[in-house]
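The values are calculated or read from the model by the stated rules, or taken from the named source; none is laboratory data. This one's a predicted model, so the numbers in the text were calculated from it and none came from an experiment. Don't worry about glycine lacking a Cβ; one is built from the backbone with ideal geometry, like all the others, and counts go over all protein chains shown. Only protein heavy atoms, including side chains, enter the accessible area calculation; ligands, DNA and RNA are left aside. Shrake-Rupley method; radii C 1.70, N 1.55, O 1.52, S 1.80 Å.
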Amino acid sequence: MMARQQKERLPQLDIFRALAILGVLHVHATSYAAGIQAMESPYYWILNFVNIFFKFGTPSFIFLSSFVLFYNYYDRPIDRGMIRRFYGKRMSYILLPYFVISLGYFVLAQTVNGELYLPITEQLQFFLYRLLTGSNYTHLYFVFISIQFYILFPFLLKMFQSSRWLVRWAIPVGLVLQWAFIFMNKFEWQIVNKGSLSISYLAYYFMGAFVAVYFDRF
């Protein structure tokens, strides 16, 4: 059984988060102009460059989510207590807020579109579908893919704890799996909302695991 170690706080993560937040803000601030509004503007190339360059924000947050979890849990034994505490925290701080915010967005959208008074069964089915696909509002997809990763995390943690080979080769393995999914989806499965599936970001999750395990060397 692995001995649990007290992990030191990493203040450099605050800087990393700040840079990732700036990336996300720049993308959101320029997305509409770069896509439609400013195509005839002489400043379009600047807006388009900013919109593309700062797209590192979302992958950075995905990497960071994986890094923090593996950094804190890699040397802990996986038992019922650990799993209960892990999912208990995610239920309170992730799933419940996700449900409440999704419901708020759904009611707001239905009100604006004049569809709030449709039959309750139809409303419920529509809401549940959007809830289970992270599509009640645009940016909720990020929470939705994070929930998928949290569900898989104990299994991934067990895999990484059991295989030093997988840890050493985590980055290329993640790239191969992610791009295998991308090609299979393009030519076979053709899932429309592929950006709402955590496997589309597997390379970033595996990179986070690799850096977390070998962080002392870095």
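Please determine, by comparing only the residues of segment 146-172 that are within 11 Å of Val213 (Cβ to Cβ) and without any contact (Cβ under 8 Å) to a residue 60 or more places away in the chain, which one is surrounded by the fewest Cβ atoms within 10 Å (Cβ to Cβ). Filtering first and then ranking leaves Arg164.
So Gln178 passes all but one of these: (1) polar (S, T, N, Q); (2) under 23 Å from Leu157 (Cβ atoms); (3) in contact (Cβ under 8 Å) with a residue 60 or more places away in the chain. Which condition number does it fail? So Gln178 meets the others, but not (3). Would you confirm whether any residue within segment 193-211 is outside any loop (DSSP other than H, G, I, E, B), modelled with pLDDT of 90 or more and more than 16 Å from the chain's Cα centre (by Cα)? Yes: segment 193-211 contains one or more residues that are outside any loop (DSSP other than H, G, I, E, B), modelled with pLDDT of 90 or more and more than 16 Å from the chain's Cα centre (by Cα). Restricting the first member to segment 192-218 and to residues that are at negative phi, and the second to residues that are outside any helix (DSSP H, G or I) and surrounded by 19 or more Cβ atoms within 10 Å (Cβ to Cβ), the beta-carbon pairs closer than 8 Å and six or more apart or on different chains are Ser196/Gly134. Checked against (1) surrounded by 17 or more Cβ atoms within 10 Å (Cβ to Cβ); (2) out of contact with any helix residue (DSSP H, G or I) (no Cβ under 8 Å at 6 or more places or on another chain), Leu124 passes all but condition (1).
Just to be sure, is Phe54 part of a helix (DSSP H, G or I), without any contact (Cβ under 8 Å) to a residue 60 or more places away in the chain, crowded, with 18+ Cβ neighbours inside 10 Å and of a type in the set (A, V, I, L, M, F, W, C)? For Phe54, the condition - part of a helix (DSSP H, G or I), without any contact (Cβ under 8 Å) to a residue 60 or more places away in the chain, crowded, with 18+ Cβ neighbours inside 10 Å and of a type in the set (A, V, I, L, M, F, W, C) - is met. Taken over segment 91-106, the criterion of being open to solvent by less than 80 Å² (accessible area, probe 1.4 Å), of a type outside the set (Gly, Ala, Ser) and closer than 15 Å to Ser135 by Cβ is satisfied by Tyr98, Leu103, Tyr105, Phe106.
For segment 46-61, a residue qualifies if it is β-branched (Val, Ile, Thr) and in contact with a Ser or Thr (Cβ under 8 Å, 6 or more places away or on another chain), and exactly one does: Val50.
The rows are residues; the columns are (1) surrounded by 13 or more Cβ atoms within 10 Å (Cβ to Cβ); (2) at pLDDT 90 or above; (3) charged (D, E, K, R); (4) not in a helix (DSSP H, G or I).
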residue	(1), (2), (3), (4)
Asp14	no, yes, yes, no
Val24	yes, yes, no, no
Ala34	yes, no, no, no
Gly114	no, no, no, yes
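Restricting attention to segment 129-143, the residues that are open to solvent by 60 Å² or more (accessible area, probe 1.4 Å) and within 18 Å of Asn113 (Cβ to Cβ) add up to 4. Does Leu19 satisfy the condition of being outside any loop (DSSP other than H, G, I, E, B), more than 20 Å from Ile171 (Cα to Cα), open to solvent by 70 Å² or more (accessible area, probe 1.4 Å) and in contact (Cβ under 8 Å) with a residue 40 or more places away in the chain? Against the criterion (outside any loop (DSSP other than H, G, I, E, B), more than 20 Å from Ile171 (Cα to Cα), open to solvent by 70 Å² or more (accessible area, probe 1.4 Å) and in contact (Cβ under 8 Å) with a residue 40 or more places away in the chain), Leu19 qualifies.
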